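The values are calculated or read from the model by the stated rules, or taken from the named source; none is laboratory data. Values in this document were obtained by computation on a predicted structure and should not be read as measured data. Here Cβ is always computed from backbone atoms with ideal geometry, including for glycine, and neighbour counts include all displayed protein chains.
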Amino acid sequence: MPFGASLHGDDGAAFRLWAPAAATVELALDRGAGEAWLPMDRLNAGWFALNLDPVPPGVRYRYRIDARLLVPDPASRFNPHDAHGQSELIDPSAFEWRTPDWRGRPWHETVIYELHVGTFTPEGTYAGVASRLAYLADLGVTAIELMPLAEFPGERGWGYDGVLPFSPESSYGRPEELKRLIDAAHQHNLMVLLDVVYNHFGPEGNYLHAYAPQFFTDRRRTPWGSAINFDGKDSRTVRDFFVHNALYWLEEFRFDGLRLDAVHAIRDDSARHILIEIAEAVRQGPGRERHIHLVLENDDNGAHFLERDATGGTRRYSAQWNDDEHHCLHVLLTAESDGYYADYSAAPMAQLGRCLTEGFAYQGDLSRFRGHAARGEPSSHLPPSAFVCFMQNHDQIGNRAFGERLAQLSDRRALAAATAIVLLAPSPPLMFMGDEFAATTPFLFFCNFGPELAQAVTEGRRREFSRFARFQDPALVAGIPDPGAPASFERSKLDWSSLGQAPHAQSLALYRSLLEIRRREIVPLIPLMGDGERLCRVIGERALEVRWQAGTTDLILLANLADAPLPIGAAPAGRLIYATHPSPEITGEEALLQPWSVTSLLVPR
C-alpha cells in the first residue's frame, strides 16, 4: 500500500505521508519512553518519507507538521486512542486465517442483514457480533453488512463521520478482532460486507485541510461539508487513496464486498469516473480470485453503473439500494407523505409494481420533491438482482426524529404482507438489525463530538424537523432526543430479551419460514431471470400481480395491501409456495385476494 506505514521483512518500517502544503514533516515515534522527533525526507510531488530499522509492530507514532501541528497518520491501520491520538504500527500479515480457502458466495444467494456494531449486542464490539453469527445463519441470512468502521471521533457514532478511512473503529475492538469476526462469519458460510464513505470526511478529527488541502475542492459542496477532489489539480493522489482503501478492506480484512455510501455526492468529471476506477481495480484484483460484491447507494438512480456483461455477469457494481421500492412500501404501510414520500403518494402500488419488474420507479421521470427535475435512468433492461430491496435500513429508521420502526408505525398484518413481498421477490433483500423479531427499540441518530460541534448538531437536527407539519409544536421539537447524549446511544441497543415473547417470536418465525422458502424455491431461479419477461398487473389502487420468467417457469406474486378483499378474475394455476391466507381464495373463475394478503406460486410456461 503506497500510503501510511508498512513493515519490511528485515524488521524495518517505512513511513510515508503526502503533505503537499507542508514545509517540513517529522515522525514522532514512541517506543514507550516518550516521543522522539525524526525529520522526514522531502520527496517529489508533496511526499515525505522515512525508513527506519528496526521498528517492531505495536510502536505508536504520529506526524508533526511544520514543527507545530501533531496529526495521526491519515492511512493509519489502527488508532487505539481515538481519532486525535497516536497511530499504531500494525503487521497486516500476523493474523492466521482459519478459512484461507474461502471464495465467497454468488450474488444471487444474497440476503443482507445490516447492523451497527456498537448497538447490535450489549457488548457493542466485534466479538459481540461474532457471538450472534450462529443465530444469523440459522435465520437464513447469507451476508452481514457492517455500518462504517472508519475511525470517528468519540466512542459513539453511526460511522458516516469517519476521518481515518483505513483504521477500524477502536471502540469496537482491535483490527485482529475484526478479522476474527470475519473469519468466524466465513466459517458459518456468511459473507461480510462493509459500508464505506468516499464522498466526505467527518467534521471533527480531519487534519487533511492543514497539510493536504488538495484532498478537497471548493468547486462543489456536499450536505456534510467539503467535497472530495476527484477531478481537479493533484487529484491523482486523492483518487489513489480511495482506490487503495477499497482494496485494503477487501485484501487485508477479506471482506466479501463494499457498499459505497451516497455516491450521488461524489462529483467527478474525469474521463474515467472514480467509481469506475474503483470497480475495475477490485475486479482485476481480489475479484479475480473470489466472489466480491460492490453495491451503491445512489439517489441519482444511475443505472449505467449496474450494467451486465454479455453473459449476464456483473461488470462493475452488483447492485444499488432501491430507495424507490422502500418509499412505495412505506407510503402503503403508513400513509405518510412528508418529504420525499410525496413522490410516491399518488400511485404507490403502480410504482411498487414498476420497482418489482423494472428496478427503479424513477427512470428519468420528473420528481415533485426535487422541484420537478428529472431523476434516474432507464433500468428495465437490468435483472432483478441489480436492486437491493428493503423495508427499513439505518437511514429510514434513524433519520426519523424518534427513530421509530415500522413495527410501531404500521399494522401487524400490513407489516407481514410487506415482509413477504420483499423476501419472496427475486431481488436481494436487506433487513436492518431487529427487523426479523419486530424490535421495538428505536434506532436513534447519535454521535460523540466535542461540546461546540455537538451543540450545533443538536440544534441543527431540531431545526430540520421543525419544517414538518407534525413538528410545529415547540414542545414536540424540544423532545427530539439529543444525538450527543449517551442515552440516545444506549436506547438504540437491541433488546434481545424480547426474542421469545409475543409478538416478537411470531415475527421471527415468519422471517425464518420466508427465508427458507426463498432459499429452496426462489434462489435457484434467479440466475435464469436475466433476459426473462417481467410483467406487472395493477389491480385497483392497492393490489397487483407480478410475474417473473425464469427459463420455463414463472414466479408469480399476488398481493393485496388493502383492508378489503379484492376480486381479481381468474387466478393463475400453479404450485403454491407461500400464502398468508388459505389458498382457496385464488382458485376458481372469480378469485378473491384477502385483505393484506400475499400469495406466491410457481407456474410452468
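Summary table below
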{"item": "Per-region count, segment 202-245, residues at pLDDT 95 or above, outside any strand (DSSP E or B) and among the hydrophobic types (A, V, I, L, M, F, W, C)", "result": "9"}
{"item": "Filter result (without any contact (Cβ under 8 Å) to a residue 24 or more places away in the chain and either part of a loop (DSSP other than H, G, I, E, B) or not charged (D, E, K, R) (or both)) within segment 382-413", "result": "R400"}
{"item": "Test: residue in segment 259-266 that is modelled with pLDDT of 95 or more, surrounded by 17 or more Cβ atoms within 10 Å (Cβ to Cβ), of a type outside the set (A, V, I, L, M, F, W, C) and closer than 26 Å to R174 by Cβ", "result": "yes"}
{"item": "Spans of helices (runs of 4 or more DSSP H) in segment 99-147 with at least 2 residues within 17 Å of G159 (Cβ to Cβ)", "result": "117-120, 126-130"}
{"item": "Residue check for H291: surrounded by fewer than 21 Cβ atoms within 10 Å (Cβ to Cβ), under 22 Å from the mean Cα position of the chain (by Cα), not hydrophobic (A, V, I, L, M, F, W, C) and not in a helix (DSSP H, G or I)", "result": "yes"}
{"item": "Selection within segment 472-502 - surrounded by 14 or more Cβ atoms within 10 Å (Cβ to Cβ) and either among the polar types (S, T, N, Q) or more than 22 Å from H394 (Cα to Cα) (or both)", "result": "L476, S488, S492, S498"}
{"item": "Segment 235-269, residues that are out of contact with any strand residue (DSSP E or B) (no Cβ under 7 Å at 6 or more places or on another chain) and of a type in the set (G, A, S)", "result": "S235, A262"}
{"item": "All positions within segment 20-38 that are of a type in the set (G, A, S), in contact with a strand residue (DSSP E or B) (Cβ under 7 Å, 6 or more places away or on another chain) and under 16 Å from L208 (Cα atoms)", "result": "A22"}
{"item": "In segment 160-215, the residues that are polar (S, T, N, Q) and either surrounded by 23 or more Cβ atoms within 10 Å (Cβ to Cβ) or farther than 19 Å from V71 by Cα (or both)", "result": "S167, S171, Q187, N189, N199"}
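Each row is one residue, and each column tells you yes or no for (1) free of Cβ contacts under 8 Å to residues at least 40 places away in the same chain; (2) polar (S, T, N, Q); (3) out of contact with any His (no Cβ under 6 Å at 6 or more places or on another chain); (4) crowded, with 20+ Cβ neighbours inside 10 Å.
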site: L50; (1), (2), (3), (4): yes, no, yes, no
site: D66; (1), (2), (3), (4): no, no, yes, no
site: T99; (1), (2), (3), (4): no, yes, no, no
site: T110; (1), (2), (3), (4): no, yes, yes, yes
site: A137; (1), (2), (3), (4): no, no, no, no
site: E145; (1), (2), (3), (4): no, no, yes, yes
